[in-house]
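Worksheet: the structure to be examined is printed underneath.
The values are calculated or read from the model by the stated rules, or taken from the named source; none is laboratory data. Everything numeric here is computed off the predicted structure, so don't read it as measured data. Using ideal geometry, Cβ is built from the backbone for each residue, glycine included, and neighbour counts are taken over all protein chains shown.
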Amino acid sequence: MTEKSGPSTTRRGFLKAGLAAGGAVASGGAAYAAGDPAITELQPWMQYLGDGVDARPYGYPSEFESHVKRRNVEWLTADTVSSVNFTPLHELDGIITPNGLCFERHHGGIAEIDPAQHRLMINGLVDKPLVFTMQDLMRFPRENHVYFLECAANTGMEWRGAQLNGCQFTHGMIHNVMYTGIPLKLILEEAGLKTNAKWILPEGADASGMTRSVPMEKALDDCLVAFKMNGEMLRPEQGYPLRLVVPGWEGNMWVKWLRRIEVGDKPWHHREETSKYTDLLENGDARRFTWEMDAKSVITNPSPQAPILHGKGHTVLTGVAWSGRGTIPRVDVTIDGGKNWHQARMDGPSLTKSMHRFYYEFDWDGSPLLLQSRAHDSTGYVQPTKDELRKFRGENSIYHNNGIQTWYVNEKGIAENVEVS
Ligand SMILES: Nc1nc2c(c(=O)[nH]1)N[C@H]1C(S)=C(S)[C@@H](COP(=O)(O)O)O[C@H]1N2
Ligand SMILES: [Mo]
């Protein structure tokens with residue numbers, strides 16, 4: 001076989017490419033420094049016997065990771081039981097949000113429910129009203145799906161200009177976990193739907209008694225009555241022992257501590273879909289029922305809470321993207337405020353209505369950067385700039401801000417939230 005033919009050439013080409021990439025990565029490390037005590041000295045942890053297998057019956061992160069936590073914004077938190085905290089997106093990688101870091105949004109604090117005393121009732125326009133115990137529900141067929149949940153208010157504080165300094169605060173009202181649950185369709189069919197059954201009203205068992213109107217097409221399509229997240233029972237913060245999963249739709253509809261589903265023939269127009277979660281336009285009209293979350297993305301590193309600490313040279317930029325309408329086949333990234341766009345490298349599973357991970361590796365020359373990412377979803381929709389959004393929606397909105405985010409990075413690698421126009 002000659003050098004130029006057959007798979008061996010391809011293999012050789014591959015190896016060369018591999019070596020080049022290896023070289024680039026190695027340039028990020030330092031040459032061996034004689035006398036580095038981290039190499040030459042016995043470290044404390046090499047000189048004692050560690051905790052035994054009985055010390056940590058439920059595991060937790062290293063103490064060196066204690067800065068990785070949900071945080072709230074003081075001026076948004078007048079009252080902690082009706083408030084929100086934020087997922088530390090800049091500390092995470094891949095697409096799954098660890099259970100203990102999922103942002104929380106509740107209107108009446110966390111209900112602590114004894115599952116033995118919990119019931120799910122189905123009533124209204126059904127053939128036979130039903131009440132299920134948790135044991136009853138465990139006998140339905142179940143499914144596993146990874147979905148993002150984004151509060152419609154995520155990035156809401158950024159409508160009129162750059163405000164909060166960190167993607168945790170600007171974009172952290174989102175989490176992405178694998179749910180185990182029962183297709184809602186199966187539960188509704190068990191009760192039997194009357195012919196005029198067109199809407200459902202899920203209700204929470206928390207003190208806020210949260211309710212939202214959900215159209216029947218969605219209820220019968222991909223909604224789940226979930227009891228597990230990332231393999232274990234839901235956390236109390238996320239609605240233990242039952243929550244409604246409404247894939248791709250605004251977080252407010254994902255009723256936690258789910259206790260009842262009323263079936264009706266029209267929407268109820270309760271508080272959360274009238275005075276809240278509607279978008280006030282420039283002409284004084286308000287958009288009603290903006291359920292689907294538009295495609296959106298954000299660069300998580302570098303970002304204000306995650307500056308570039310290594311100086312110039314090989315730099316890994318990463319971020320997340322999602323769409324309530326499908327998958328994200330493509331994300332574009334710019335490091336010069338939009339003069340040049342580069343296609344980012346998508347990595348990890350590409351699942352519908354789930355977060356996607358992207359990377360863009362580049363050589364930083366040490367000059368200031370304007371970082372932006374722009375998501376394309378599987379319907380062909382492209383994430384708009386903030387100016388484009390404001391053209392259509394005016395400046396009164398809070399909810400449904402999916403505009404392109406900009407981070408300015410200075411020569412020292414310090415990043416801050418800015419807007420370019
Ligand atoms: N019962 C109940 N369900 C609820 C809420 C609530 O306060 N009570 N908050 C809603 C809102 S506004 C959002 S954004 C999501 C937040 O879900 P999380 O706390 O798992 O992040 O739950 C929704 N479901
Ligand atoms: Mo929300």
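In this structure, is Val214 within 21 Å of Trp268 (Cα to Cα), within 24 Å of the chain's Cα centre (by Cα), crowded, with 18+ Cβ neighbours inside 10 Å and not assigned by TED's automatic domain parsing to the domain that holds Asn396? It is true that Val214 is within 21 Å of Trp268 (Cα to Cα), within 24 Å of the chain's Cα centre (by Cα), crowded, with 18+ Cβ neighbours inside 10 Å and not assigned by TED's automatic domain parsing to the domain that holds Asn396.
In the set Trp268, Trp257, only one residue is surrounded by 21 or more Cβ atoms within 10 Å (Cβ to Cβ) and in the same structural domain as Glu150 (by TED's automatic domain parsing); that residue is Trp257. Taking the numbered list (1) under 21 Å from the mean Cα position of the chain (by Cα); (2) of a type outside the set (Asp, Glu); (3) outside any loop (DSSP other than H, G, I, E, B) in turn, Gly326 passes all entries but (3).
When Thr170, Thr180, Thr211 are checked against the criterion of being within 22 Å of His67 (Cβ to Cβ), of a type in the set (Ser, Thr, Tyr) and touching a strand residue (DSSP E or B) at 6+ places or on another chain (Cβ under 9 Å), Thr170 stands alone in meeting it. Filter segment 367-421 down to residues that are under 21 Å from Asp294 (Cα atoms) and either among the acidic types (Asp, Glu) or not assigned by TED's automatic domain parsing to the domain that holds Thr318 (or both) and give me whichever is surrounded by the most Cβ atoms within 10 Å (Cβ to Cβ). The residue in question is Asp377. Among the conditions (1) farther than 30 Å from Met216 by Cβ; (2) surrounded by fewer than 19 Cβ atoms within 10 Å (Cβ to Cβ); (3) touching a strand residue (DSSP E or B) at 6+ places or on another chain (Cβ under 9 Å); (4) of a type in the set (D, E, K, R), the only one that Glu158 does not satisfy is (2). Among the residues of segment 212-228, is any of a type outside the set (D, E, K, R) and closer than 23 Å to Thr80 by Cβ? No, because not a single residue in segment 212-228 is of a type outside the set (D, E, K, R) and closer than 23 Å to Thr80 by Cβ.
Just for strands (runs of 3 or more DSSP E) wholly inside segment 85-152: which have at least 2 residues that are within 30 Å of Asn402 (Cβ to Cβ) and touching a helix residue (DSSP H, G or I) at 6+ places or on another chain (Cβ under 7 Å)?
Numbers: elements: 119-124, 130-133, 143-150.
Filter on segment 85-152 gives 143-150.
Find the residue count for segment 64-115, including only residues that are of a type in the set (D, E, K, R) and surrounded by 12 or more Cβ atoms within 10 Å (Cβ to Cβ). Let's see the steps before the verdict.
As a first pass, look at segment 64-115 and keep what is of a type in the set (D, E, K, R): 65, 69-71, 74, 79, 91, 93, 104-105, 112, 114.
After this cut, where a residue has to be surrounded by 12 or more Cβ atoms within 10 Å (Cβ to Cβ) as well, the list is 69-71, 91, 93, 104-105.
Residues that pass the stated criteria total 7.
Among the residues of segment 261-284, those that are within 11 Å of ligand 1 (Cβ to nearest atom) and either touching a residue at least 60 places away in the same chain (Cβ under 8 Å) or under 11 Å from Thr211 (Cα atoms) (or both) comprise Glu272, Tyr277.
Out of the residues in segment 153-171 meeting the condition of being within 16 Å of ligand 1 (Cβ to nearest atom) and not in a loop (DSSP other than H, G, I, E, B), tell me which one is farthest from the chain's Cα centre (by Cα). Even if it seems obvious, please write down each step before you answer.
Keep residues of segment 153-171 that are within 16 Å of ligand 1 (Cβ to nearest atom), which gives 153-157, 168-171.
Pick out the ones that are also not in a loop (DSSP other than H, G, I, E, B) and you get 156-157, 168-171.
On the way: Gly156: 15, Met157: 17, Gln168: 11, Phe169: 13, Thr170: 12, His171: 8 Å.
Only one residue fits best here, namely Met157.
Only strands (runs of 3 or more DSSP E) wholly contained in segment 329-421 count here; list those with 3 or more residues that are in contact with a Phe, Trp or Tyr (Cβ under 9 Å, 6 or more places away or on another chain).
Qualifying strands (runs of 3 or more DSSP E): 330-334, 345-347, 369-376, 415-418.
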